[in-house]
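Enquirer: I am attaching a structure below and will ask some questions about it afterwards.
Taken together, the values in this text are just the output of simple stated rules run on the coordinates, not laboratory data. What you see is a predicted model, and the numbers here were worked out from it, not measured in a lab. No Cβ is skipped: glycine too gets one built from the backbone with ideal geometry, and neighbour counts run over all protein chains shown.
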Amino acid sequence: MRTAILDEPGRFKFTESSLPGAPGPGEVLARVLTIGICGTDLHAFEGTQPFFTYPRVLGHELAVEVVASGEGVTEFEPGNRCAVNPYVTCGVCAACSRGRTNCCAKMSVIGVHTDGGMCDQIVLAAKQLYKCRTLAPAQIPLVETLGVGIHAVGRAAARAGDRAIVVGAGPIGLSVIEFLKLAGADIGVVEKMPERLDFAARHHNLQRYYPSHEEARQEEPSMLVFDCTGDKPSMEGSLQLLQQGGTLIFVGLINNTISLFDPDLHRREATILASRNSTPAEHHRVLDYMESGRIDVSAWPTECAAPAAMGARFPRWLHREAGIVKAIIDWSAA
Ligand SMILES: [Zn+2]
Ligand SMILES: [Zn+2]
């Protein structure tokens, strides 16, 4: 089978090897259909992903089709299309035992810490798969992306009428907007890329949209501020958009120190939350929303590329090429 190995930053190597063997007890052998590309993949390609080791087979946002089930796996039939939960968690640490598996102390992410789905077939633990009924293969990898959004909005406990603002309108910012909308929040957006700002504002019919923090500061502050940028100046500046008594949620992350002027924090009695990954229960809810049509992300500016194009396209996606919010690899393409 064909496998794409990220051999070192900036270089994919394609290899031919034998197919994985039969699935063991509790496992499923699956064919890879599509792979979503996110910031983690792009930073691994760039060589700036913390704690990342090479060579590595990327691919953690996956759509797969079941080929065979191992002993004890009864819930899947060959041909079933599935989303994949890439977070392998220990189940026993302090976080896991409180149901907060998204921040498991021993978290291992398929396609980040272990080899992922950039290959024709993969063996996965059956418990990591979610059966999809109606979603197209190009939509399925977005279950993971949207999971980050549903978790962040849950952390913020957003309610109808809450004044909220989302900083950064990439895939994570758009995911947060989807769930704020379901919660009935009053949503604003800050995004410096004109195409992304325009898409978020038009697609969601938002009346509050700004190209910078400075412009957003002209309006009344928000009770909920979601920073989805992973950008130091943005994360530091987002506190200025927060209302007295409000909550600032860092959804995007950065491998750096961020500083906040304490009087700005104290004057507001601000609550600051980090939001990381998502849980299986949230993945199931996302899948229900997508399959019932209550969330439809098919209009997102997406590029679907063949594996052979990755070497050329990754640098462009990394530098946020205008007009593309999300990249998907169609693994079945030549
Ligand atoms: Zn991802
Ligand atoms: Zn754990």
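Enquirer: For K13 and R294 in the same chain, what is the full-extension length gain: residue separation times 0.36 nm, less their Cα-Cα distance, in nm?
Expert: Values: separation 281, 0.36 × 281 = 101.16 nm, distance 3.98 nm.
So the extension gain works out to 97.2 nm.
Enquirer: For the chain, what is the mean residue ellipticity at 222 nm derived from helices alone (per DSSP H run of n ≥ 4: -39500 (n - 2.57); sum divided by total residues; nearest 500 deg cm²/dmol)?
Expert: Details: 10 runs with 87 residues, N = 334.
Here the helix-only value at 222 nm equals -7000 deg cm²/dmol.
Enquirer: Taking amide H atoms as placed 1.01 Å from N in the peptide plane, list the residues 5 or more away in sequence, or in a different chain, whose amide H sits under 5 Å from that of A68.
Expert: Counting only residues 5 or more places away or on other chains, the set is L29.
Enquirer: So how far, in whole Å, is the C-alpha centre of region 225-263 from the one of region 79-126?
Expert: The two parts, judged by their Cα centres, are 28 Å apart.
Enquirer: While we're on this one: In whole Å, how far is the Cα centre of region 267-326 from that of region 9-36?
Expert: Between the Cα centre of region 267-326 and that of region 9-36, the gap is 23 Å.
Enquirer: Let me ask something else about it. Once you place label points 7 Å from the Cα toward the Cβ at E214 and T257, how far apart are they in nm?
Expert: Each label point is offset 7 Å from its Cα along the Cβ direction, giving 2.7 nm.
Enquirer: I would also like to ask the following. With an 8 Å cut-off on Cα pairs and a minimum separation of 6 or more residues, tell me the relative contact order of region 87-242 in percent. Could you put the intermediate results ahead of the total?
Expert: Numbers: 217 pairs, mean separation 25.8, N = 156.
17 percent.
Enquirer: Let me ask something else about it. Note the full-extension length gain between L182 and E46 as 0.36 nm times their separation in residues minus their Cα-Cα distance, in nm to one decimal.
Expert: Numbers: separation 136, 0.36 × 136 = 48.96 nm, distance 3.52 nm.
Length gained between L182 and E46: 45.4 nm.
Enquirer: Sticking with this one: Give me the number: length gained by fully extending K232 to A22, i.e. 0.36 nm times residue separation minus the C-alpha to C-alpha distance, one decimal in nm. Numbers along the way, then the final one.
Expert: Numbers: separation 210, 0.36 × 210 = 75.60 nm, distance 4.67 nm.
Gain on extension, K232 to A22, equals 70.9 nm.
Enquirer: From the backbone phi of region 60-69, what are the Karplus-calculated ³J(HN,Hα) couplings (6.51 cos²θ - 1.76 cosθ + 1.60, θ = phi - 60°) in whole Hz, Gly and Pro given as x?
Expert: For region 60-69, the Karplus-derived couplings read 10, 9, 10, 10, 10, 10, 5, 9, 7, 10 Hz, x marking Gly and Pro.
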